[in-house]
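The values are calculated or read from the model by the stated rules, or taken from the named source; none is laboratory data. In this text, all values refer to a predicted model and were calculated from it rather than measured experimentally. Glycine also receives a Cβ, built like all others from the backbone with ideal geometry; neighbour counts cover every protein chain displayed. Surface areas here come from the heavy atoms of the whole protein model, side chains and all, with no ligands, DNA or RNA. Shrake-Rupley method; radii C 1.70, N 1.55, O 1.52, S 1.80 Å.
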Amino acid sequence: MAAAEITVAEVCAVIGIAVPDPGTADGVWLAQAVAAINALAVDTVPRLRTLSRPPSPGTSPASPVRQADDVPVWPEDIRAALLMQAQRLFARRSSPTGVAVYGDAGPAYVAKWDPDVERLLRIGSWSPPQVG
């Protein structure tokens, strides 16, 4: 069963690195990036706002959208997008202007916008039509 928030260990697994020590620069940056992504997710993704509401009276706390401890389960497509965002933030830690490396053909940039993340989160141009 999926969890409610992404973790530093999950992001490290996606990146393909060992979990850095919490006191190191990478450890601090990664922890801050993951915390920021988790906090932003509930405000940004309409489906998470719906999941974050308390369960209605008469519903089981062990329903498919909630774990036994009444923590909402975030769908895998949302978790994948959040992991991609956290990975991108971590890649930008040494390149605040977005320049990753300079090569023979000029600078290579870390992307600031990812349509895959928008599609998975169903935001931006991928958000479903709404009235009112």
(Q) Can you confirm whether ASP70 is loosely packed, with under 15 Cβ neighbours inside 10 Å, at pLDDT 85 or above, acidic (Asp, Glu) and in a loop (DSSP other than H, G, I, E, B)? (A) no
Q: Considering (1) open to solvent by less than 60 Å² (accessible area, probe 1.4 Å); (2) modelled with pLDDT of 75 or more; (3) of a type in the set (A, V, I, L, M), say which one LEU40 fails and leave the rest.
A: (1)
Q | Tally, over the range 15-33, of residues that are open to solvent by less than 70 Å² (accessible area, probe 1.4 Å) and touching a helix residue (DSSP H, G or I) at 6+ places or on another chain (Cβ under 7 Å) | A | 5
Q: Quickly run through the range 13-53 and pick out the residues that are acidic (Asp, Glu) and assigned to a helix (DSSP H, G or I).
A: ASP26, ASP43
